[in-house]
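A short worksheet on the structure shown next.
The values are calculated or read from the model by the stated rules, or taken from the named source; none is laboratory data. Keep in mind that this is a model prediction, so the values were computed, not measured. Keep in mind that these areas ignore ligands, DNA and RNA; they rest on the heavy atoms of the full protein, side chains included. Shrake-Rupley method; radii C 1.70, N 1.55, O 1.52, S 1.80 Å.
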Amino acid sequence: MVDPSALDRFLMRAGWADATREPLAGDASARSYDRLTQNGETAVLMKAEPGDEMARFLRIGAHLAQAGFSTPKVLARAEHDGFLLLEDFGDTLAARALTESPAREAEIYRRITDLLLALQDVSPPDDLPLLNGPALAELLALTPAWYPCLSPEIAARLAEKIAALYTDLALEPSGICLRDFHAENIILLDRPGVRGLGLLDFQDAVLCHPAYDLVSVLQDARRDVSQVCADHEIVRFATQSGIEPGRFAAIYALLGTQRALRILGIFARLCLRDGKPGYLALMPRVWRNIELNLRHPALGDIAQDLRAAYPAPTAERISELEAACATRRNP
């Protein structure tokens, strides 16, 4: 809960007390953002819970900026109150550019892949959590807790099989992965090279296989990426990373399956617990990504267990979730 008097004091100290405020689109987190305008200049006010998340945002953002990537400059801070004043990267989200100019798809995703290739050369900051096989399995515990599950026993076995296959396939050293990496968290900037992509969401960065962020951006829950574009970037990333393409395709499909399963659980939780039903409409796309990933021969055993554990998000099941969400919002 924002303390209005603390916010007023923060803006006064920062020299933005007379600014007008315009709310910016939120996300699935508890953070919120306002664009401030004053004397023809703009900045972004971030409001978040004080504590570890804000500390990670500051620490990882500074680390990435030092490595040559574009993260918002911090103009003023009051971490103990949960306020940051940040550089305004503008409104040219990659997602918006892709919607307005579909012909730019190949160009934009090429730039994004180039950034991820460059990210592999960055030494990660200290103390990032390791997302290894057991950790991937642990993250899947959320899904049967919120999304319809036909067999908790098979769901638990499925998570163990995903962990084991990841351990077998992930031969490369783990590197920094931004984790929540997709077209709505990337801003197109008028800057050269990797600095031309502004990064907005990186506080949940982990150590994981280099394929993780590529899966995140190409199997976007919020928008479709053409298969031609995705296949091209997958092959290019594997080749330039020096990873055997067949094994890379297998681990890409495996990480895509794990991520999509967890996303189904997150979207269900956002509805049932937090009263945010809007994410339910994205479930069919997420399930299509699961079906695509399960076509890989390396995932045959996993495919059998997944289909036995979880039903598809049909229109009827989505309606049931939405009805439960409405009940919880209005008891």
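Taking every alpha-carbon pair in the stretch 35-173 and binning the separations at 5 Å intervals from zero gives 2, 8, 11, 11, 13, 15, 17, 13, 7, 2, 1, 0, 0 percent.
Both numbers refer to the Cα atoms of the stretch 111-160; Rg and Dmax are 16.3, 43 Å.
On the accessible surface of the stretch 1-160, probed at 1.4 Å, how many percent belong to carbon and sulfur atoms? All intermediate terms of the calculation are to be shown ahead of the outcome.
Numbers: 4260 of 8380 Å².
Carbon and sulfur: 51 percent of the exposed surface of the stretch 1-160.
When you restrict to C-alpha pairs under 8 Å that are six or more residues apart and normalise by the size of the stretch 62-161, the relative contact order lands at 14 percent.
Convex hull volume of the Cα atoms in the stretch 218-274, per residue, in Å³?
Details: hull volume 4.5 nm³, N = 57.
Value for the stretch 218-274: 80 Å³ per residue.
Along its principal axes, the stretch 178-222 has C-alpha extents of 29, 23, 17 angstrom, given from the largest down. Using the Karplus relation 6.51 cos²θ - 1.76 cosθ + 1.60 with θ = phi - 60°, the per-residue 3J(HN,Hα) values for the stretch 226-233 come to 4, 5, 4, 5, 4, 4, 5, 6 Hz, with x marking Gly and Pro.
In µm²/s, what is D for the stretch 135-283 at 4 °C and 1.567 mPa s, where D = kT/(6 pi eta Rh) by Stokes-Einstein and Rh is the Kirkwood radius from Cα pairs?
78 µm²/s
Computed over the alpha-carbon pairs of the stretch 244-296, the distance histogram in 5 Å steps reads 5, 22, 24, 18, 13, 9, 6, 3, 1 percent, short to long. D by Stokes-Einstein for the stretch 238-329, Kirkwood Rh over Cα pairs, 25 °C, 0.890 mPa s: 171 µm²/s. Probing with 1.4 Å while keeping every protein chain in the model, the per residue accessible area of the chain equals 46 Å². Here the 3J(HN,Hα) profile of the stretch 194-206, calculated from phi with Karplus coefficients 6.51, -1.76 and 1.60 at θ = phi - 60°, is 5, 5, x, 10, x, 9, 10, 9, 9, 5, 9, 4, 9 Hz, Gly and Pro shown as x.
Report the normalised scattering of the stretch 1-93 as log10 I(q)/I(0) at q = 0.22 Å⁻¹, calculated by the Debye formula with identical scatterers on the alpha carbons. Listed by q, the Debye log ratios stand at -1.25.
Shown in residue order for the stretch 156-168 are the 3J(HN,Hα) couplings computed by the Karplus curve 6.51 cos²θ - 1.76 cosθ + 1.60 at θ = phi - 60°: 5, 5, 4, 4, 5, 5, 4, 4, 5, 5, 4, 4, 6 Hz (x for Gly and Pro). For the chain, the extents of the C-alpha atoms along the principal axes are 60, 54, 40 Å, listed from largest to smallest. Secondary-structure-derived ellipticity at 222 nm for the chain, considering helices only, amounts to -15500 deg cm²/dmol, per-run term -39500 (n - 2.57) for DSSP H runs with n ≥ 4. DSSP beta bridges fully contained in the chain are about 95 percent antiparallel.
Given that compact globular proteins tend to follow 2.2 N^0.38 Å, what is the ratio of the alpha-carbon Rg of the stretch 91-221 to that value?
Details: Rg = 16.8 Å, N = 131, 2.2 N^0.38 = 14.0 Å.
Here the answer is 1.20, to two decimals.
Amide H to amide H distances under 5 Å link Lys73 with Glu87, where only residues 5 or more positions off or on other chains count and H is placed in the peptide plane. For the chain, the longest principal axis of the alpha carbon atoms and the long axis of helix 300-309 meet at an angle near 70°.
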